[in-house]
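One structure below.
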Amino acid sequence: MEAAVKAIAAPRRRQILTLVRDGELSAGEIAAHFDVTRPAVSQHLNVLKEAGLVSERRNGTRRLYRARPEGLVELKEFLEEFWDERLSALKREAEKEEKQRGNDD
Amino acid sequence: METTTETSVERELAIDASPETVWQFLVEADKLDRWFGNQAWLDPRPGGQYRVDVIDGHIASGEFVELDPPRRLVHTFGWEAEGGQENPVPPGSSTIEIELEPSGAGTLLKFRHYGLPGPESAASHSHGWDYYLARLVVAGRGDDPGDNTGPEGM
């Protein structure tokens with residue numbers, strides 16, 4: 001999931017994901033939506049692909065990209081990790097506080 | 001294995017601190033800042049509002065529904081709109097319930113976050129997709145080494 005997190009960290013890649021959420025687009029079509037070069041878009045797409053967030057399909061000479069729904073299941077798991085981390089931190093801080101109070105008494 | 005339905009996150013956690021101490025970490029801003037986000041503003045009474053800058057301007061907010069110190073806390077939860085983007089989980093759209101049970105000298109914390117879009121709805125609704133993206137961003141930044149991890153680590 002770390003790859004997915006890094007992939008998502010860039011606002012441009014989030015915009016690209018939103019674009020290919022409901023349908024397939026080529027890199028050129030995606031680039032047309034933004035003020036960026038097509039190589040830049042291709043690079044973003046590679047990052048997203050490696051993170052499992054988009055799939056690539058060849059159609060003749062064109063490569064079409066689309067968001068992967070399976071990636072969402074992984075994101076769901078990641079959401080759970082979000083809470084696990086937060087709750088672990090809560091446990092750690094509350095226990096630290098309790099100990100300090102014990103020492104102060 | 002942890003049990004997870006499509007629409008909720010549930011966790012149980014044993015904490016070596018009294019329910020009174022844990023409760024303070026749920027409703028006092030300076031203590032909330034030690035585990036949840038950068039900065040919290042809150043008005044912990046039924047109908048009172050809270051806002052938490054979770055990470056770098058990602059603001060979670062909601063309303064306190066039920067406070068029974070130090071036993072039970074219910075509040076709504078959502079993310080505020082960012083940069084004019086459509087917001088699939090506005091404040092008030094999901095709910096967090098936390099129960100604290102005395103357990104020996106410590107506390108058993110039961111956490112439940114429900115009203116979330118599940119993977120299925122995420123796959124079929126653009127809202128769910130946006131929602132997970134927003135959450136992932138927050139979670140991912142929470143992973144930064146610079147986050148407030150205690151000196152003793154985990």
Förster radius 41 Å - calculated FRET efficiency between B:D43 and A:E77 (Cβ-Cβ, nearest 0.05)
0.75
Selection from B:I15, B:A105, B:S93, by position along the positive dipole direction of segment B:10-116 (Cβ)
B:A105
Between A:S88 and B:E20, what is the label-to-label distance in nm when each label sits 7 Å out along the Cα-to-Cβ direction?
3.0 nm
Rounded to a whole number of µm²/s, how large is the Stokes-Einstein D of segment B:10-116 at 10 °C and 1.306 mPa s, given Rh as the Kirkwood radius over C-alpha pairs?
112 µm²/s
Read phi for every residue in segment B:38-50 and hand back ³J(HN,Hα) as whole Hz from Karplus 6.51 cos²θ - 1.76 cosθ + 1.60, θ = phi - 60°, with x for Gly and Pro.
6, 7, 10, 10, 8, 10, x, 8, x, x, x, 9, 9
Determine the gain in length on full extension of the stretch A:A32-A:A10; use 0.36 nm per residue of separation and subtract their C-alpha separation, reporting nm with one decimal.
6.1 nm
With 10 Å bins from zero, work out the P(r) of segment A:2-104 over every alpha carbon pair and list the percent per bin.
14, 37, 19, 12, 9, 6, 2, 0
Enumerate the amide H contacts of A:R63 below 5 Å, restricted to partners 5 or more residues apart or on another chain; note that Pro and chain-start residues carry no placed amide H.
A:A27
B:K110: net charge of surrounding residues, Cβ under 12 Å, Lys/Arg +1, Asp/Glu -1, itself excluded?
-1
Charge tally for neighbours of B:L73 with beta carbon under 9 Å away, counting Lys, Arg as +1 and Asp, Glu as -1, is -2
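Every number in this text was worked out from the coordinates using simple rules, so none of it is lab data. Note that the structure is a prediction, hence the values are computed from the model and not measured. Every residue, glycine among them, receives a Cβ derived from its backbone with ideal geometry; neighbour counts consider all protein chains shown.
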